[in-house]
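**Student:** The structure's right below; bear with me while I get my questions together.
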Number of protein chains: 2
Amino acid sequence: MRLSQFYLPTLKETPGEAQIASHRFMLRSGMIRQQAAGIYAWLPLGLRVLRKIEAIVREEQERAGAVELLMPTIQPASLWEESGRFDAYGPEMLRIKDRSGRDMLYGPTNEEMITEIVRASTKSYKQLPQLLYHIQWKFRDELRPRFGVMRGREFLMKDTYSFDASPEDARKSYLKMFAAYLRTFRRMGLETVPVKADPGPIGGDLTHEFVVLAENGESDVFLDRRLLGKGVPGADTDFSGDLEPMFKDWTSHYAATDEMHDEAAWAEVEEAEKLSLRGIEVGHIFYFGTKYSEPLRAKVQTAEGEEVAMEMGSYGIGVSRLLGALIEAHHDEHGPKWPVSVAPFHVGIVNLRPGDEGTDKLTAEVEAELTAAGVEVLTDDTKDRAGEKFARMDLCGLPHVLTIGPKGVAAGEIEWKRRDTGEKSALPQAEAAKTITREVQEALAALQR
Amino acid sequence: MRLSQFYLPTLKETPGEAQIASHRFMLRSGMIRQQAAGIYAWLPLGLRVLRKIEAIVREEQERAGAVELLMPTIQPASLWEESGRFDAYGPEMLRIKDRSGRDMLYGPTNEEMITEIVRASTKSYKQLPQLLYHIQWKFRDELRPRFGVMRGREFLMKDTYSFDASPEDARKSYLKMFAAYLRTFRRMGLETVPVKADPGPIGGDLTHEFVVLAENGESDVFLDRRLLGKGVPGADTDFSGDLEPMFKDWTSHYAATDEMHDEAAWAEVEEAEKLSLRGIEVGHIFYFGTKYSEPLRAKVQTAEGEEVAMEMGSYGIGVSRLLGALIEAHHDEHGPKWPVSVAPFHVGIVNLRPGDEGTDKLTAEVEAELTAAGVEVLTDDTKDRAGEKFARMDLCGLPHVLTIGPKGVAAGEIEWKRRDTGEKSALPQAEAAKTITREVQEALAALQR
């Protein structure tokens with residue numbers, strides 16, 4: 001992609017309302033633009049990252065056996081009256097009357113609707129387990145939206161819902177999602193820790209939050225150091241196999257947010273292993289049994305001919321929130337440092353002198369070779385000053401930047417800068433595209449293992 | 001995909017409210033489920049078709065040089081007060097008050113918002129042309145939603161918006177979209193005709209509707225027969241080149257819907273060329289000049305230093321509506337006949353005797369070979385009766401169905417049925433996957449040319 005053909009409205013000034021790095025950099029690098037409090041338009045650079053995160057979430061859901069559907073954003077209130085949540089849900093729910101005066105709402109979550117869908121088609125235990133997910137925009141009318149996409153009002157979430165005939169089977173579904181979540185976040189280049197969580201308004205007793213460790217995190221996390229750097233379930237994981245050992249391995253060390261912190265249990269952790277850090281919640285999984293299937297009468301016949309309410313769980317990932325979490329975890333003072341798997345482009349090329357025959361030719365050649373190899377390139381072909389171009393590349397946070405100028409063309413070299421370490425080196429022209437392709441492919445493969 | 005792992009809640013009975021084939025088949029084949037009047041959940045089979053349509057729309061937009069962004073569903077009323085449309089827009093607009101009492105709305109269209117975005121970043125003619133698009137859910141509060149996804153309330157649309165410094169350049173943008181639309185619909189296996197249209201509430205004088213010809217179409221179309229079967233712009237079209245000859249070729253024959261029908265001009269068409277048919281609108285393109293840029297003060301400096309309002313156009317495709325149009329154009333009494341480019345799966349395999357060693361083994365082999373070649377397979381591995389399985393495959397409308405039973409295993413043959421013609425033949429086992437792969441690839445390539 002040529003910058004002259006793209007739409008990248010970067011800002012020189014930091015908007016006053018942006019208090020944290022991710023909000024600041026997303027506004028400044030032209031990833032998002034605010035349309036109302038907590039409501040953003042996703043500009044092309046931001047949308048590319050959002051789509052990559054979505055694709056990773058989708059791939060790992062499919063790997064774990066979940067099937068995708070898509071529920072609408074607007075729901076009838078009647079469903080929520082069945083579960084009793086229409087009145088119970090607070091002012092975060094955006095309530096709407098349609099032109100005929102019917103009560104509607106913009107879905108803040110989808111337990112009721114998915115239960116309605118599954119109860120209509122599922123009559124026998126033989127049709128279970130069922131693991132269904134969707135990725136959809138939601139609305140929660142926060143009183144004080146802030147921190148950009150970290151606490152917006154309209155936001156993108158992935159929700160999975162599990163339906164099983166017994167608590168034992170429901171636990172298996174829970175463990176599948178637990179394993180899928182560990183893989184999902186690791187593939188994005190995030191270190192997450194599953195911590196015991198507060199079930200909150202969704203209810204249930206088996207529940208974990210997945211927390212990204214980051215200095216600017218919103219909550220305190222207390223954890224056993226041995227949870228860091230732990231290997232996640234591999235790409236070859238058998239999701240229909242026994243996931244209990246994996247689950248035990250991850251949950252046998254202390255880990256809790258401040259709301260669930262247990263001083264007595266914490267005191268038993270060896271001093272040398274104690275870590276107290278800040279974290280950002282990016283996923284939350286719940287097993288809540290028959291909390292919704294009972295009032296909504298979503299029942300199946302068991303093998304014994306008995307009628308039982310289905311055992312349910314729900315599993316959320318904050319897809320748009322992850323952009324904020326990723327930047328909080330990976331940035332410096334100049335901008336984000338995107339992990340290669342979620343970077344808007346893998347490589348930036350700075351043509352220092354567009355219009356010069358030599359730099360134009362070399363730029364086009366390297367660009368073509370990278371593109372043919374499946375590497376995504378953003379080429380700065382503008383006439384802006386060199387300093388401005390370099391600052392913009394840093395602000396965009398692409399993992400690799402190649403600089404092509406007249407001196408390099410004469411010397412047969414291309415300058416290569418890695419965004420993560422800032423390391424610079426000179427690559428022979430003939431090898432530049434091959435080297436970068438290998439770097440990108442190896443980094444992607446390492447994250448997918 | 002194994003049917004036992006999928007979620008396909010087909011219905012035996014036709015729901016009473018479904019008056020037309022597409023609505024009936026989408027409900028019966030488990031593609032959608034109604035959640036409220038004109039509001040549907042997209043079940044896995046339907047979502048797969050929706051995503052394929054979306055992908056074709058996206059590829060052809062990118063080919064024409066449009067850049068993707070994503071605007072939110074909820075908009076502040078203030079923007080619409082600037083354009084004067086907040087009061088002018090009818091009761092189809094879903095108006096909302098948030099918890100702080102601010103007027104908001106669920107976007108029925110996005111001219112105001114995109115103008116706000118572009119005016120903030122664009123000060124000079126040098127930054128133009130700009131062609132931006134998004135694919136997003138919209139809401140129009142129809143008084144009588146009907147015909148399923150053909151006239152729903154929550155629906156998916158692609159909107160492109162063009163910004164130019166002069167009417168001449170705006171016409172170039174218009175022609176790019178005109179060409180892209182011809183390609184987009186043809187790739188889905190649809191015959192569409194661009195007809196002169198009524199600008200309606202968006203305004204403007206250069207405007208075309210793209211109409212699919214189908215018996216159950218909603219409006220009358222009068223057209224010159226020579227428009228049928230006309231070649232669309234090829235994959236190698238130079239979108240920055242001169243598109244006027246293509247435009248002239250397509251617009252020099254008479255074509256109008258009843259609202260724009262001109263009896264005098266129609267009388268001049270040779271009798272033998274006159275066709276009067278029914279059509280379904282699937283796209284609508286408008287050039288409306290400064291209708292929004294003027295009130296919203298979206299201005300640029302020209303090369304002469306003059307300040308002018310940007311010339312704008314908007315270009316819509318009804319993405320979710322296209323599923324209905326596709327079925328109306330391609331079905332028989334048993335179900336849809338999906339063109340290969342938008343089929344939920346390319347091939348269905350019916351294993352007539354799951355549990356039988358021979359049929360299981362052959363099924364797995366053919367499935368694996370097709371999948372490895374990139375062909376999408378849905379395998380019926382259930383214990384339902386053969387008749388039920390065949391009826392379900394017809395209802396799903398997959399282009400090819402392979403039937404694997406004990407007799408065929410013994411004879412070394414697999415039965416192959418083409419959904420479009422109903423033609424059946426026997427394929428030697430060793431060649432079945434290769435033959436089907438070639439069929440699928442050739443059909444896809446023919447549509448992409």
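**Student:** Give the residue from A:TYR133, A:LEU70, A:VAL269 lying farthest towards the positive end of the charge dipole for the range A:21-336; charges sit on Cβ (+1 for Lys and Arg, -1 for Asp and Glu) and the dipole is referred to the Cα centre.
**Tutor:** Highest projection toward the positive end goes to A:LEU70.
**Student:** Using only Cα atoms, find the angle between the long axis of helix A:386-396 and the longest principal axis of chain A, and express it within 0 to 90 degrees, rounded to the nearest 10.
**Tutor:** 10
**Student:** Along the principal axes of its C-alpha atoms, what lengths does the protein assembly as shown span, in descending order and rounded to whole Å?
**Tutor:** 89, 72, 61
**Student:** Hey, another quick one. Could you sort out which of B:LYS196/B:LYS230; B:LYS52/B:LYS138; A:LYS52/A:LYS337; A:LYS158/B:LYS383; B:LYS176/B:LYS337 sit more than 27 Å apart by Cα distance in this structure? Intermediate results must be reported in sequence, preceding the final value.
**Tutor:** On the way: B:LYS196/B:LYS230 17 Å; B:LYS52/B:LYS138 19 Å; A:LYS52/A:LYS337 15 Å; A:LYS158/B:LYS383 33 Å; B:LYS176/B:LYS337 31 Å.
In this structure, A:LYS158/B:LYS383; B:LYS176/B:LYS337 exceed 27 Å between Cα atoms.
**Student:** Specify which residue in the list B:VAL366, B:PRO295, B:HIS253 is farthest towards the positive end of the charge dipole of the range B:244-394, using unit charges on the beta carbon of Lys, Arg (+1) and Asp, Glu (-1), about the Cα centre.
**Tutor:** Final value for the positive-end residue is B:VAL366.
**Student:** Return the single residue from A:GLY279, A:GLY101, A:GLY231 with maximal mean-square fluctuation; model: Gaussian network over chain A, springs between Cα atoms under 10 Å.
**Tutor:** Answer for the Gaussian network model of chain A: A:GLY101.
**Student:** Calculate, for B:HIS334 and B:ALA410, the FRET efficiency according to 1/(1 + (r/R0)^6) with r their C-beta to C-beta distance and R0 35 Å; round to the nearest 0.05. Write down the numbers at each step before the final one.
**Tutor:** Values: r = 29 Å, r/R0 = 0.83.
Computed FRET efficiency for B:HIS334 and B:ALA410 comes out at 0.75.
**Student:** Related question: In whole percent, and with a 1.4 Å probe on the protein chains, what portion of the accessible area of the protein assembly as shown is carbon and sulfur?
**Tutor:** Numbers: 16650 of 35090 Å².
Carbon with sulfur: 47 percent of the solvent-accessible area.
**Student:** In whole angstrom, how far apart do the alpha carbon centroids of the range B:203-238 and the range A:274-290 sit?
**Tutor:** Here the two parts' Cα centres lie 54 Å apart.
**Student:** Could you work out how far apart the two model spin labels at B:GLU294 and B:SER124 are, taking each label as a point 7 Å from the Cα in the direction of the beta carbon, and quote it in nm?
**Tutor:** Distance between the two pseudo-spin positions: 2.8 nm.
**Student:** First measure r as the distance between the Cβ atoms of A:THR382 and A:GLU307, then evaluate 1/(1 + (r/R0)^6) with R0 = 56 Å and state the FRET efficiency to the nearest 0.05.
**Tutor:** On the way: r = 68 Å, r/R0 = 1.21.
Between A:THR382 and A:GLU307 the formula returns 0.25.
**Student:** If you take each beta carbon of peptide B:33-42 and count the beta carbons of other chains within 10 angstrom, what is the mean? Working shown, then result.
**Tutor:** On the way: counts 7, 1, 10, 10, 4, 3, 8, 3, 11, 7.
Averaged over the peptide's residues, the number is 6.
**Student:** From the helices alone, meaning DSSP H stretches of at least four residues, give me the mean residue ellipticity at 222 nm for chain A, per-run term -39500 (n - 2.57), in deg cm²/dmol to the nearest 500.
**Tutor:** On the way: 13 runs with 148 residues, N = 449.
Estimated from H runs of four or more residues: -10000 deg cm²/dmol.
**Student:** What distance in nm separates the simple spin-label points at B:LYS230 and B:ALA364, each placed 7 Å from Cα in the Cβ direction?
**Tutor:** 5.4
**Student:** Treat the range A:1-147 as a sphere of radius equal to its Kirkwood radius over Cα pairs and apply Stokes-Einstein at 25 °C in a medium of 0.890 mPa s; give the translational diffusion coefficient in µm²/s, rounded to a whole number. All intermediate terms of the calculation are to be shown ahead of the outcome.
**Tutor:** Details: Rh = 18.5 Å.
The diffusion coefficient I find is 132 µm²/s.
**Student:** Angle, helix B:319-329 long axis vs. longest principal axis of chain B, Cα atoms, 0 to 90°, nearest 10?
**Tutor:** Its long axis makes an angle of about 50 degrees.
**Student:** Pop out a list of residues from the range B:58-82 that are at least 20 Å² less accessible with all the protein chains around than in their chain alone; 1.4 Å probe, no ligands or nucleic acids counted.
**Tutor:** For the range B:58-82, once contacts with the other chains are taken into account, B:VAL67, B:GLU68, B:LEU69, B:LEU70, B:PRO72, B:THR73, B:ILE74, B:PRO76 lose 20 Å² or more.
**Student:** Mind listing which trypsin sites (Lys or Arg not before Pro) in the range B:222-260 are in a DSSP loop and have 16 or fewer other Cβ atoms within 10 Å? Spell out each step's value before the answer.
**Tutor:** Details: sites: B:ARG225, B:ARG226, B:LYS230, B:LYS248; in loops: B:LYS230.
Sparse-neighbourhood loop trypsin sites (Lys or Arg not before Pro): B:LYS230.
**Student:** Taking each label point as 7 Å beyond Cα in the direction of the beta carbon, state the distances from B:LEU143 to the same residue in the other copies, shortest first, in nm.
**Tutor:** For B:LEU143, the other copies' label points sit at 4.1 nm, shortest first.
**Student:** Could I ask something else about it? Working from Cα positions, state the angle (0 to 90°, nearest 10) between the long axis of helix B:167-187 and the longest principal axis of chain B.
**Tutor:** It works out to around 10 degrees.
**Student:** Among DSSP beta bridges whose residues both lie in the protein assembly as shown, state the antiparallel percentage, nearest 5. Working shown, then result.
**Tutor:** Details: 146 of 174 bridges.
So the antiparallel bridges amount to about 85 percent of the total.
**Student:** In addition: Between A:ASP420 and B:GLN19, what is the label-to-label distance in nm when each label sits 7 Å out along the Cα-to-Cβ direction?
**Tutor:** That separation, rounded to one decimal, is 6.0 nm.
**Student:** Once you've got the GNM for chain B with C-alpha springs shorter than 10 Å, pick whichever of B:GLU244, B:GLU263, B:GLU92 has the biggest mean-square fluctuation.
**Tutor:** Of the options given, B:GLU263 has the highest mean-square fluctuation.
**Student:** In whole angstrom, how far apart do the alpha carbon centroids of the range A:44-105 and the range A:123-143 sit?
**Tutor:** So the separation of the two Cα centres works out to 9 Å.
**Student:** I would also like to ask the following. Could you identify which residue out of B:LEU296, B:LEU362, B:LEU143 has the top mean-square fluctuation in a GNM of chain B using Cα springs shorter than 10 Å?
**Tutor:** Result: B:LEU143 has the largest fluctuation of those listed.
**Student:** Next question, about the same structure. A plus B alone minus the pair: what accessible area, both sides summed, probe 1.4 Å, in Å² to 100?
**Tutor:** On the way: alone 19740 and 19780 Å², together 35090 Å².
For A against B, buried area totals roughly 4400 Å².
**Student:** Another question, if that's okay. Just how large is the dipole of the range A:326-430 about the Cα centre, in debye to the nearest 20, putting +1 at every Lys and Arg Cβ and -1 at every Asp and Glu Cβ?
**Tutor:** Details: 12 positive and 19 negative charges, 34 e Å.
Dipole size: approximately 160 debye.
**Student:** Okay, next question. Assigning unit charges at the beta carbon (Lys, Arg +1; Asp, Glu -1) and nothing else, what dipole magnitude in debye, to the nearest 20, does the range A:21-336 show about its Cα centre?
**Tutor:** On the way: 40 positive and 51 negative charges, 325 e Å.
It comes to approximately 1560 debye.
**Student:** Considering only A:SER219, B:PRO15, B:HIS400, whose Cα is most displaced toward the positive end of the charge dipole of the protein assembly as shown, charges sitting on Cβ of Lys, Arg (+1) and Asp, Glu (-1)?
**Tutor:** Positive-end residue among those listed: B:HIS400.
**Student:** With both partners inside chain A, how many of the DSSP beta bridges are antiparallel, as a percent to the nearest 5?
**Tutor:** Values: 72 of 86 bridges.
Counting DSSP beta bridges with both partners in chain A, the antiparallel share is about 85 percent.
**Student:** What does the copy distance list look like for B:ALA430, label position 7 Å along Cα→Cβ, in nm and ordered from shortest?
**Tutor:** When each copy's label point is compared with this one, the spacings are 4.6 nm.
**Student:** Please give the charge dipole size of the protein assembly as shown, origin at the Cα centre, charges +1 on K and R Cβ atoms and -1 on D and E Cβ atoms. Round to the nearest 20 debye. Display every interim value, and only then the final one.
**Tutor:** On the way: 114 positive and 144 negative charges, 21 e Å.
The dipole magnitude comes to about 100 debye.
**Student:** Same structure again: Leaving out ligands and nucleic acids, note down the accessible area per residue over the protein assembly as shown with a 1.4 angstrom probe, in whole Å².
**Tutor:** Numbers: 35090 Å² over 898 residues.
Counting only protein heavy atoms, the per-residue value for the protein assembly as shown is 39 Å².
The values are calculated or read from the model by the stated rules, or taken from the named source; none is laboratory data. Everything numeric in this text was worked out from a predicted model, so none of it was measured. Note that each Cβ is placed from the backbone with ideal geometry, even for glycine, and that neighbours are counted across all protein chains shown. Keep in mind that these areas ignore ligands, DNA and RNA; they rest on the heavy atoms of the full protein, side chains included. Shrake-Rupley method; radii C 1.70, N 1.55, O 1.52, S 1.80 Å.
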